[in-house]
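Colleague: Can you read through this structure? Questions will come right after.
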Amino acid sequence: MKTKRAMVFASVLLCTFLSLNPTLHQMAQLPKLYESSSHVLPPLTGMFANLIVTEEVKAAETDVNAVMAAHSKNPEVIQVTYKLFGLIPLKSSAVELMPDLKLLPGGQSIGVSLQAKGVMVVGQAAVQNQEGRLVCPAKDVGIEVGDVILKIDGQEMSSDQDVANAIHRAGKKQGFSEILISHNGQQTQKRVTTVLCPETDRYRVGLYVRNEAAGVGTLTFYEPKSSQYGALGHVINDVDTNQRIEIVNGNVVASTIYAIEKGKRGHPGEKIGSFVNQSRFSGNIKKNTVSGIFGSLEGEIGNPFFSEPIDVGWESEIKEGPAKIYTVLEGERIEEYDVQIERIMRNRTDSKNMVIKVTDPELIEKTGGIIQGMSGSPIIQDGKIIGAVTHVFVNDASRGYGVFIQNMLKDAEIIDKKEAA
């Protein structure tokens with residue numbers, strides 16, 4: 001009986017020891033799949049760390065395919081197992097060696113212009129008919145703000161003028177328009193009665209539409225081998241509908257900043273700039289995604305702080321602490337500023353992966369912190385590009401979000417997205 005009690009007591013002590021042991025807590029926090037540019041996991045610390053032995057085996061020799069990610073350069077995956085006294089398995093992690101990739105950090109101010117696929121409905125208005133009554137023909141059949149007009153009477157629409165002319169022609173011919181729209185990603189046909197407006201003597205259906213957008217942002221990176229770039233760090237939405245713009249054509253050029261509207265609590269500031277007529281570089285826009293815009297660039301692209309491309313800092317290598325950002329506040333001159341990475345949110349799938357705080361007194365003095373137009377400014381930590389500035393906190397201009405560079409590279413298809421296991 002005494003022996004049994006002693007064994008129970010010893011078991012309780014062992015469980016207590018294990019639960020309080022900081023070394024084991026470190027192992028428990030290690031991810032199942034760890035992406036890195038080297039095959040070494042973070043070293044264990046603590047008085048019992050020397051009792052734990054690591055054993056490495058190539059993933060091809062193990063059954064870890066369920067947690068492997070596929071990348072364009074077929075990365076090697078190493079299975080690392082921690083064993084107590086080299087005998088008792090405690091924890092296993094797969095280390096995926098990421099591609100040897102170097103990027104030239106951006107920081108340049110860019111002018112962005114794009115044309116949407118179809119024409120987006122950005123507003124509605126009542127139309128006065130011949131009897132003097134106000135009617136809303138398009139709204140009455142279910143056309144909403146945010147819908148995209150693709151065709152009218154079988155003809156593709158590419159501008160607001162196209163829409164106005166097509167509706168007027170249909171009104172004169174038949175008194176209604178057959179409008180093909182995209183609503184929440186689903187295409188549907190709507191028959192809309194046209195109304196002759198006495199004021200303009202044109203047929204109308206009561207819609208405000210737009211198919212173009214333009215603004216100023218910041219280049220994040222340039223990949224010299226493929227001439228691909230990434231910028232902004234977040235999706236471009238329509239200013240009125242807040243819907244993602246599906247682009248059919250787009251361009252980027254250099255822009256110059258001539259004024260700064262300083263941010264303050266409740267009112268984000270912004271860069272005020274204009275497109276450069278004789279830009280040193282130009283490019284197209286092929287993708288508009290949650291983590292930024294992407295395409296290819298040509299011309300003279302340089303950053304005075306980096307004469308050569310630098311290594312990528314993968315998600316697992318990013319840590320809380322000091323970092324630098326690069327952006328333009330005057331003319332076309334890129335400057336370097338200090339920030340602090342306060343929090344890392346590895347499980348988020350949007351463009352808000354890090355919380356950053358501006359700590360540079362000069363930047364605080366000039367802008368109040370993060371302002372519109374700064375989106376896309378590259379974040380550098382320990383000599384590696386780790387992400388880009390994306391959003392500002394409305395109630396605290398000194399703080400904002402950053403996106404992982406890894407997520408931008410996946411959306412740009414410079415590296416492959418992970419396949420579902």
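We did not get these values from a lab; they are worked out from the coordinates using the rules stated. Predicted, not measured: the structure shown is a model, and the values here were computed from it. Cβ coordinates were reconstructed from backbone atoms using ideal geometry, including for glycine residues, and neighbour counts include every protein chain displayed.
Colleague: For SER282, what residues show an amide H to amide H distance below 5 Å, using hydrogens built from the backbone and excluding near sequence neighbours?
Modeller: Those qualifying (amide H under 5 Å, at least 5 residues apart or on another chain) are GLU298.
Colleague: Take the residue pairs LYS117/LYS271; LYS102/LYS151; LYS151/LYS264; LYS319/LYS410 and return only those whose Cα atoms are more than 32 Å apart.
Modeller: Pairs exceeding the cut-off: LYS102/LYS151; LYS151/LYS264.
Colleague: What three numbers, in Å, describe the spread of the alpha carbons of segment 331-377 along their principal axes, ordered from the longest?
Modeller: 37, 20, 15
Colleague: Could I ask something else about it? Can you list residues from other chains, or at least 5 along the same chain, whose modelled amide H is less than 5 Å from the amide H of LYS190?
Modeller: Correct list: ILE179, LEU180, ILE181.
Colleague: When all alpha-carbon pairs of segment 310-360 are counted, what percent fall beyond 15 Å?
Modeller: 57 percent
Colleague: Counting only other residues whose beta carbon sits under 10 Å from that of GLY321, what net charge do I get with K and R as +1, D and E as -1?
Modeller: Around GLY321, the surrounding residues sum to -2.
Colleague: How long is the gain from GLU320 to GLU298 if the chain were fully straight, where each residue apart is worth 0.36 nm and the alpha carbon distance is subtracted? Can you show the working numbers first?
Modeller: Working: separation 22, 0.36 × 22 = 7.92 nm, distance 3.52 nm.
That pair, GLU320 and GLU298, stretches by 4.4 nm at full extension.
Colleague: Next question. Ordered by packing density, taken as the mean number of other Cβ atoms within 10 Å over each peptide's residues, highest first, how do 123-134, 150-161 rank?
Modeller: 150-161, 123-134
Colleague: Going highest first, how would you order 247-257, 283-293 by mean Cβ packing within 10 Å?
Modeller: Result, highest mean first: 283-293, 247-257.
Colleague: While we're looking at this one, here's another question. With Cβ to Cβ distances under 14 Å as the rule, what net charge do the other residues near GLU342 carry (K, R +1; D, E -1)?
Modeller: Once positives and negatives cancel, what remains is +2.
Colleague: Using only the Cα atoms of segment 342-420, what do you get for the radius of gyration and for Dmax, in Å?
Modeller: Just the Cα atoms of segment 342-420 yield Rg and Dmax of 13.4, 46 Å.
Colleague: Multiplying the sequence separation of ARG202 and LEU134 by 0.36 nm and subtracting their Cα-Cα distance, what value in nm do you get?
Modeller: 22.9 nm
Colleague: Between beta-carbons, use under 12 Å as the cut-off and find the net charge around ILE143, counting Lys and Arg +1, Asp and Glu -1. Before the final figure, lay out each step's value.
Modeller: Numbers: positive: LYS139, LYS190, ARG191; negative: ASP140, GLU144, ASP147.
Spelling it out: positives minus negatives among the neighbours equals 0.
Colleague: How long are the semi-axes of the equivalent ellipsoid of segment 365-411, taking √(5λ) for every eigenvalue λ of the Cα gyration tensor, in whole Å from largest down? Walk me through the numbers on the way to the answer.
Modeller: Working: eigenvalues 89, 29, 14 Å².
Three semi-axes, in Å: 21, 12, 8.
Colleague: Here are some pairs, LYS190/LYS286; LYS172/LYS286; LYS172/LYS287; which of them have Cα atoms lying more than 32 Å apart in this structure? Intermediate values should be presented prior to the final figure.
Modeller: Details: LYS190/LYS286 30 Å; LYS172/LYS286 39 Å; LYS172/LYS287 39 Å.
Pairs exceeding 32 Å: LYS172/LYS286; LYS172/LYS287.
Colleague: With no solvent and one equal point scatterer placed on each C-alpha of segment 287-421, evaluate the Debye formula and give log10 I(q)/I(0) for q = 0.08, 0.14 Å⁻¹, two decimals.
Modeller: -0.20, -0.63
Colleague: Give the shape of segment 284-340 as rounded, prolate or oblate, defined through the alpha-carbon gyration tensor: a ≥ b ≥ c are the square roots of its eigenvalues, a/c under 1.5 means rounded, and otherwise the shape is prolate if a/b is larger than b/c and oblate if not.
Modeller: Oblate, since a/c reaches 1.5 and b/c is not below a/b.
Colleague: Further, regarding this structure: Please compute, for the alpha-carbon atoms of segment 199-248, the extent along each of the three principal axes and give them in descending order in Å.
Modeller: Computed over the Cα atoms, the extents are 57, 19, 17 Å.
Colleague: On to the next question. What shape does segment 220-260 have by the C-alpha gyration tensor, where a ≥ b ≥ c are the square roots of the eigenvalues, rounded means a/c under 1.5, and otherwise prolate means a/b greater than b/c and oblate the rest?
Modeller: On the way: a/c = 2.19, a/b = 1.26, b/c = 1.73.
Judged from the Cα gyration tensor, segment 220-260 comes out oblate (a/c at least 1.5, b/c at or above a/b).
Colleague: Pulled fully out, how much extra length does the chain show between LYS172 and SER159, if you take 0.36 nm times their separation in residues and subtract their Cα-Cα distance?
Modeller: Extending this stretch completely gives an extra 2.6 nm.
Colleague: Ordered by packing density, taken as the mean number of other Cβ atoms within 10 Å over each peptide's residues, highest first, how do 360-373, 171-184 rank?
Modeller: Answer by packing, highest mean first, reads 360-373, 171-184.
Colleague: With a Förster radius of 25 Å, plug the Cβ-Cβ distance of GLU362 and GLU246 into 1/(1 + (r/R0)^6) and report the FRET value to the nearest 0.05.
Modeller: My answer for the efficiency is 0.05.
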